[in-house]
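Here is the structure we will look at, set down as structure tokens.
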């Protein structure tokens with residue numbers, strides 16, 4: 001799966017010399033290996049060795065320039081943060097972040113920057129902690145606005161994080177066209193599933209005054225709502241149901257999640 005996520009991440013970029021940006025990543029890595037194995041060769045000799053134009057690789061091997069392809073740099077950052085092959089607490093943190101994004105956030109269409117709005121049961125501090133656990137500092141937007149909710153977004157590596165989340169199946173732009181849960185959830189354990197469900201429910205749940213049952217309203221397809229129900233049932237061992245307009249979470253499931261009010 002690592003290779004597939006790398007490729008998907010690379011495909012969020014464009015490169016002027018490559019139709020497929022991941023080909024640029026592979027060529028860059030090949031050039032770096034050749035340079036490491038032949039430290040005395042300059043860009044002209046290396047170009048001959050790797051059979052690439054010198055004009056293309058010169059900025060890849062000469063220290064006074066920084067011509068590393070954007071996609072290669074993003075992949076390196078994502079690997080260093082544990083976002084491409086997540087495990088342990090990083091995997092749980094990413095699953096939590098995805099729950100917040102699908103429940104109350106979005107990834108900007110133009111910049112790929114992810115942002116999450118505070119909610120009735122989700123504070124700014126809660127969201128900031130999620131970003132911190134994923135490995136980036138957080139910033140706030142619209143904090144003093146009287147008409148807009150405060151949003152939390154990464155203060156560093158924002159576009160790389162957003163692009164990596166898109167590579168894992170999160171929607172860029174609106175959430176309404178989601179047909180299924182992000183593929184990331186196929187690669188996290190039960191703890192990650194529970195973290196996703198709790199974050200999603202905290203954002204979407206509308207509680208009833210006379211019962212613990214909650215309603216998760218949404219404009220997504222029934223197949224998406226069905227996927228949410230299946231995950232809730234797996235995490236809680238309790239009932240939930242869906243229809244064209246959202247998901248109903250039973251009182252027993254809400255209590256199992258520790259979210260009954």
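No value in this document is a laboratory result; all are computed from the given coordinates. Remember, predicted model here, so these are calculated numbers, not experimental data. Methodologically, a virtual Cβ is constructed for each residue, glycine included, from the backbone with ideal geometry; neighbour enumeration extends over all protein chains shown.
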| said: Just to be sure I understand: with springs between alpha-carbon atoms less than 10 Å apart, which residue in 143, 179, 156 has the highest mean-square fluctuation in the Gaussian network model of the chain? | reply: 143
| Cα Rg, Dmax, the stretch 2-78, angstrom units | 12.4, 35
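For an R0 of 51 angstrom, estimate the FRET efficiency from the Cβ-Cβ distance between residue 121 and residue 14 and round to the nearest 0.05.
Approximately 0.80, to the nearest 0.05.
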| task | Give me the distance in nm between label points sitting 7 Å out from Cα along the Cα-to-Cβ direction at residue 85 and residue 210, one decimal. | result | 5.6
| message | Would you calculate the convex hull of the Cα atoms in the stretch 123-234 and tell me its volume per residue in Å³? | response | 141
| request: Report the calculated FRET efficiency for residue 140 and residue 222 (r = Cβ-Cβ distance, R0 = 35 Å), to the nearest 0.05. | output: 0.50
| note | Stretched fully, the stretch from residue 150 through residue 66 gains (0.36 nm per residue minus C-alpha distance, one decimal, in nm) 26.6 nm
| Over what distance in Å are the Cα centres of the stretch 67-94 and the stretch 237-258 separated? | 33
| query | When the helices in the chain are scored as -39500 (n - 2.57) per DSSP H run of 4 or longer and the sum is shared across all residues, what 222 nm value do you end up with, to the nearest 500 deg cm²/dmol? | reply | -15000 deg cm²/dmol
| remark: What the 10 Å binned alpha carbon P(r) of the stretch 207-261 shows, as percent of pairs per bin from 0, is 29, 53, 18
| Distance (nanometres) between label positions extended 7 Å along Cα→Cβ at residue 40 and residue 109 | 5.7
| query | Taking all pairs of different Cα atoms in the stretch 188-229, averaging 1/r and flipping that mean, what Kirkwood radius in angstroms comes out? | reply | 11.5
| field | Fewest-first sequence of 126, 76, 210 by Cβ atoms within 10 Å of each Cβ | value | 210, 76, 126
